[in-house]
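The values are calculated or read from the model by the stated rules, or taken from the named source; none is laboratory data. Treat the numbers as computed from the prediction; the structure is a model and nothing was measured. FYI the Cβ positions are ideal-geometry reconstructions off the backbone, even for glycines, and counts take in every protein chain you see. The protein model used for the area step is the full one, side chains on, heavy atoms only, and it has no ligands, DNA or RNA in it. Shrake-Rupley method; radii C 1.70, N 1.55, O 1.52, S 1.80 Å.
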Amino acid sequence: MNISFEAQKTLKRIIAELNLSHLKPKQKSDFLTRIEQGFEPLFTQLFPLYGERYDLHFHLATLFQAFADFSTKRRPAKIKDSDPNWIKSNKNVGIAVYVDQIADDLSSLIDKVPYFKELGVNYVHLMPLYLAPEGNSDGGYAISDYRTVSPNLGTNKDLKELAAALHKNGIRMVLDFVFNHTSDEHEWALEAKKGNLEYQDYYYLMSGQEANEFNQTVREIFPQVRRGSFTYMPEMDQHVWTTFNSFQWDLNYKNPAVFVAVVEEMLHLILNGCDVLRLDALAFVWKEKWTVCENLTKAHNLIKAFKACLDIAAPEVVFKSEAIVHPDEVNKYIGSDECTLSYNPLVMALLWESLATRKTPLLYSSMERSFTIPNDTAWINYIRCHDDIGWLWDDEVSGRLGINGYDHRLFLNQFYTGQFEGSFAAGVPFQANPTTGDCRVCGTLASLVGVESAINSGNELLLEHALRRIKLLNGINFALPGIPLLYQGDDLGVLNDDTYLQDPDKKEDSRWVQRKKLTESDFTMALDASTPQGKIAQLVRGMIKVRQENTIFAADEFELIHLNSEHLFGFIRKTDDQRLLTIANFSEHPIFLDGPLSRYLHCNQAKDLITNEVVDLPNLNIIEPLAVHWFIN
C-alpha cells in the first residue's frame, strides 16, 4: 500500500467534513497549513494501530475537529524566548516541585517565582496537580479529571496565572501528561462500572483466566501493594488492568476512541500554558498477550502519533519521556519524532553506584553504550526526584566487569538503606519484592550522601565528606550535556522527613520520605552559611551561576576520558576554541594522576571554574578526596 497516497486521500475527505466556520481567516489558513504538513506523519503511525478498524475515519474526523476548535482557544502569554533550540542552552536549570509542598497553592506559588529566578531556575516542573482521589492517589498520578485542578491547589485560572507569571520571568512550565491510566474515579471509569459498554472498552476488562495468562509474562511494579497486574471488580465481575495501584486503571489504546479522547485531554493541558509535557509511564501504554507489555513496537507508534498531534496543535511544546526501564529501551523513546527530552535514569543510578563503591568502571561502560542521543534532543539529568532509585543498568555490561547484577543490586539496596556496615546513607526501602528480594531506595539527596548520619553522630569529618559528595554529584550533573534538574529541597539541603509514617494514606509509600513540606525555616536555614543546609544551598547556587555564565556548558561535543584510577571519572566538553574538563574523585582518599591534565586541555594553565583559581596543570599531581573540578582552558 502507498501510505503517502492513502494519507493525502484521507486528508482531503476529512477537510471536506470539518466545520471551520468559527475560524478567522488567518486561523483557518494556519490550521490548514499545519494539518497538511502533519497529517501524513500522524496517519503513518496510526495505521499500524488502527488500520483494520472500520471506524478509523470517524475517529480521525473527530480528532481533526478537535484540532480546529483548539486553534481558536487562547493560552497564557508565551515565554519570550522563542529559540527553537532552547534545549541546548547553558542557561537551562530545572526544578521539580509539588505545589503544596513548596507553597500552599498555585496562587502562593507565584510568590516563589522570585526564588526560582534568584536560584537560577528557568524550567519548573509542577508535579501532578489535577483532581485525584482523596487519600492515596499515588502522589497525584491517579487523575480523576484532567481538566480540573485539585481544589486544595486552586483553579484552572490560578494555573494559567502562574504560567503567565513564570513566562514573564523567562521560566518554562512543565506539566505531567499521565496517559497510561486514569483513576477509578474518572468519569470514564465510573461509566464503565455502571455497565456502559462504550466506556468499558476504554479499559482492559477481562476474566480471571485471561488476567492470569497476562500475569505469566508481566512484571509486578508495586508488589507490596498487590500481586499481579490486575484488580477484581465485583460490580462488573471482571478484572481490570492496574499496572500500578488498584485505583489506577490502565487505558485501552487498542480502542481509537481512547486515543482521540486522551489527545483532547492533552490539548487542555496545553491550554493551561505548559511548555513541556512529561509522558508518565510511557513504556506501559500498549499491551499484547504473552509479552512483558513494556516497550512494545506499537507503544512507539502510539507515542509518535501523540507527537504528531502535538506538532499539529502546538509545535512549540515538547515531550519529555519518563522511561524507567532497560537503558537500551530508554534511548528508543528519544527522537525528534517522539520525545525531544528524556530523563536519564541510568546516569542517576550509576552516580549513586559509584558513590557507594567508590569506583567508576560501570558508570563509564554504561555511558559509553547509552549516553549518545540525537543532536536535536537532550537528556534531563538529575540526582534525585520524587520517585525511588532503581538500579537499571544492563547486566551484560556489568557482567563484562565481573559484577553479578543481582548481588550488586542487593548490596546497593543494603548500602543505601543503612544495612551495610560502614554505610554513610540513611535511605529507606521502597516496594521490596518478597519473591525476588528486590527493592528500590528512597531518600533526599542530603540524607543519602550522609549529611543526616553525620549530624546525628556529631562527626565533623563525616559531615565534610557528605558535603563533598553533594558538591561532586552536582558538579557532574551541572556539567553533563543536557538540562540539569533539581528536586525540591535538594537545593536547600533538607533531610528525610518521616512524618509520613503518621499519615495512614502515606505510611505504606516510603517515597513520601523525600516529599517534605518546605517551611520558611527551611529557606531561612539555607541562608545561614554556618549550617550544612546553608553550605549546600551556597554551593548549588554557585555552580548554577557559573554554568549560566559560561557557554562551554552548551557545547555539543562531549567525550569521556579514561584516567589512571578506577576511582576517577572525567569528561570533556569542547568547541572549536574552548575545552572544559570535568574530573571527579569518588573515593575518600587522594588519587595520584599518571600524567598532566594539560594533555586533555592542550594548555599548561587552566582555570577551575568552581573555585575561580588558576591551576598550573603540569604541577597538579593529585585529585583530592571526593573532589570535583571544572577546568577550562
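Of everything in the stretch 77-105 that's over 20 Å from Leu486 (Cα atoms) and hydrophobic (A, V, I, L, M, F, W, C), which residue is most open to solvent (accessible area, probe 1.4 Å)?
Ala77
State yes or no: is Ala323 of a type in the set (A, V, I, L, M, F, W, C), modelled with pLDDT under 95 and touching a helix residue (DSSP H, G or I) at 6+ places or on another chain (Cβ under 8 Å)?
yes
List pairs: first residue in the stretch 1-22 and closer than 12 Å to Phe39 by Cα, second residue of a type in the set (Ser, Thr, Tyr) and assigned to a helix (DSSP H, G or I) anywhere in the structure, Cβ distance under 8 angstrom, at least six positions apart or on different chains.
Final answer for the pair search is Ile3/Thr44; Ala7/Thr44.
Looking at the stretch 183-220, which of the residues that are part of a strand (DSSP E or B) and out of contact with any Phe, Trp or Tyr (no Cβ under 6 Å at 6 or more places or on another chain) is least open to solvent (accessible area, probe 1.4 Å)?
Looking at residues that are part of a strand (DSSP E or B) and out of contact with any Phe, Trp or Tyr (no Cβ under 6 Å at 6 or more places or on another chain), I get Met206.
Taking the condition of being among the hydroxyl-bearing types (Ser, Thr, Tyr) and within 15 Å of Met173 (Cα to Cα), how many residues in the stretch 262-319 meet it?
0
Restrict the check to the stretch 467-484 and report whether at least one residue is more than 23 Å from the chain's Cα centre (by Cα) and either open to solvent by less than 30 Å² (accessible area, probe 1.4 Å) or at pLDDT 95 or above (or both).
Checking the stretch 467-484: at least one residue is more than 23 Å from the chain's Cα centre (by Cα) and either open to solvent by less than 30 Å² (accessible area, probe 1.4 Å) or at pLDDT 95 or above (or both).
Do we find that Ser29 is more than 30 Å from Arg511 (Cα to Cα), in a loop (DSSP other than H, G, I, E, B) and of a type in the set (S, T, N, Q) in this structure?
It is false that Ser29 is more than 30 Å from Arg511 (Cα to Cα), in a loop (DSSP other than H, G, I, E, B) and of a type in the set (S, T, N, Q).
For the stretch 221-248, which residues satisfy the criterion of being assigned to a strand (DSSP E or B) and farther than 29 Å from Phe43 by Cβ?
Phe230, Thr231, Tyr232, Met233, Gln238, His239, Val240, Gln248
Can you list the strands (runs of 3 or more DSSP E) found entirely within the stretch 579-633 that contain at least 1 residues being open to solvent by less than 20 Å² (accessible area, probe 1.4 Å) and in contact (Cβ under 8 Å) with a residue 40 or more places away in the chain?
The qualifying strands (runs of 3 or more DSSP E) are 579-585, 628-632.
Would you list the strands (runs of 3 or more DSSP E) that sit entirely within the stretch 49-163 and hold 1 or more residues that are in contact with a helix residue (DSSP H, G or I) (Cβ under 9 Å, 6 or more places away or on another chain) and under 30 Å from Asn252 (Cβ atoms)?
Of the strands (runs of 3 or more DSSP E) lying wholly inside the stretch 49-163, those with at least 1 residues that are in contact with a helix residue (DSSP H, G or I) (Cβ under 9 Å, 6 or more places away or on another chain) and under 30 Å from Asn252 (Cβ atoms) span 123-126, 145-149.
Looking only at the stretch 237-267, which residues are farther than 24 Å from Cys439 by Cα and open to solvent by 30 Å² or more (accessible area, probe 1.4 Å)? Show your work before the answer.
Our first condition is that a residue be farther than 24 Å from Cys439 by Cα; within the stretch 237-267, this holds for 237-240, 251-267.
Scanning the stretch 237-267 gives Asp237, Gln238, His239, Lys254, Glu264.
Among the candidates Leu56, Leu109, single out the residue that is over 30 Å from Arg511 (Cβ atoms), at pLDDT 95 or above and buried (at least 17 other Cβ atoms within 10 Å of the Cβ).
Only one candidate qualifies: Leu56.
Looking at the stretch 415-422, can you tell me whether even one residue there is closer than 21 Å to Ile470 by Cα and in contact (Cβ under 8 Å) with a residue 60 or more places away in the chain?
yes
Applying the selection to the stretch 281-293, what residues are on the phi < 0 side of the Ramachandran plot and either touching a Ser or Thr at 6+ places or on another chain (Cβ under 7 Å) or buried (at least 20 other Cβ atoms within 10 Å of the Cβ) (or both)?
Leu282, Ala283, Phe284, Val285, Trp286, Lys287, Thr291, Val292
Suppose we keep only residues that are surrounded by fewer than 19 Cβ atoms within 10 Å (Cβ to Cβ) and part of a helix (DSSP H, G or I) within the stretch 526-545. Which one would you say is farthest from the chain's Cα centre (by Cα)?
Only one residue tops the list, namely Gly534.
Of the conditions (1) of a type in the set (Gly, Ala, Ser); (2) outside any loop (DSSP other than H, G, I, E, B); (3) surrounded by fewer than 19 Cβ atoms within 10 Å (Cβ to Cβ), Ala299 satisfies every one except a single condition; which number is it?
Result: Ala299 passes all but (3).
Mind counting the residues in the stretch 376-417 that are assigned to a loop (DSSP other than H, G, I, E, B) and either surrounded by fewer than 18 Cβ atoms within 10 Å (Cβ to Cβ) or within 25 Å of the chain's Cα centre (by Cα) (or both)?
Adding up the residues that qualify gives 17.
Select from the stretch 418-431 the residues that are modelled with pLDDT under 95 and open to solvent by less than 40 Å² (accessible area, probe 1.4 Å) and list them in ascending order.
Phe430, Gln431
Residue by residue through the stretch 546-571, note down the ones that are in a strand (DSSP E or B) and under 16 Å from Ile610 (Cβ atoms).
Taking the stretch 546-571 and keeping what is in a strand (DSSP E or B), we get 557-561, 568-571.
Once the filter is applied, which keeps residues that are in a strand (DSSP E or B) and under 16 Å from Ile610 (Cβ atoms), the stretch 546-571 yields Phe569, Gly570, Phe571.
Looking for something more than 30 Å from Ala584 (Cα to Cα), open to solvent by 10 Å² or more (accessible area, probe 1.4 Å) and in a loop (DSSP other than H, G, I, E, B) - is there at least one such residue anywhere in the stretch 329-349?
Checking the stretch 329-349: at least one residue is more than 30 Å from Ala584 (Cα to Cα), open to solvent by 10 Å² or more (accessible area, probe 1.4 Å) and in a loop (DSSP other than H, G, I, E, B).
Can you find a residue in the stretch 281-291 that is part of a strand (DSSP E or B), of a type outside the set (Ser, Thr, Tyr), within 21 Å of His386 (Cβ to Cβ) and modelled with pLDDT of 95 or more? Can you show your working first?
Of all residues in the stretch 281-291, those part of a strand (DSSP E or B) come to none.
Within the stretch 281-291 (the criterion being part of a strand (DSSP E or B), of a type outside the set (Ser, Thr, Tyr), within 21 Å of His386 (Cβ to Cβ) and modelled with pLDDT of 95 or more), the answer is no, since none of the residues qualifies.
Out of everything in the stretch 19-31 that is surrounded by 13 or more Cβ atoms within 10 Å (Cβ to Cβ) and in contact with a helix residue (DSSP H, G or I) (Cβ under 7 Å, 6 or more places away or on another chain), what residue ends up being nearest to Met1 (Cα to Cα)?
Phe31
Looking at Phe553, Phe571, can you tell me which residue is touching a helix residue (DSSP H, G or I) at 6+ places or on another chain (Cβ under 7 Å), open to solvent by less than 10 Å² (accessible area, probe 1.4 Å), among the aromatic types (Phe, Trp, Tyr) and on the phi < 0 side of the Ramachandran plot?
Checking each option against the conditions leaves just Phe553.
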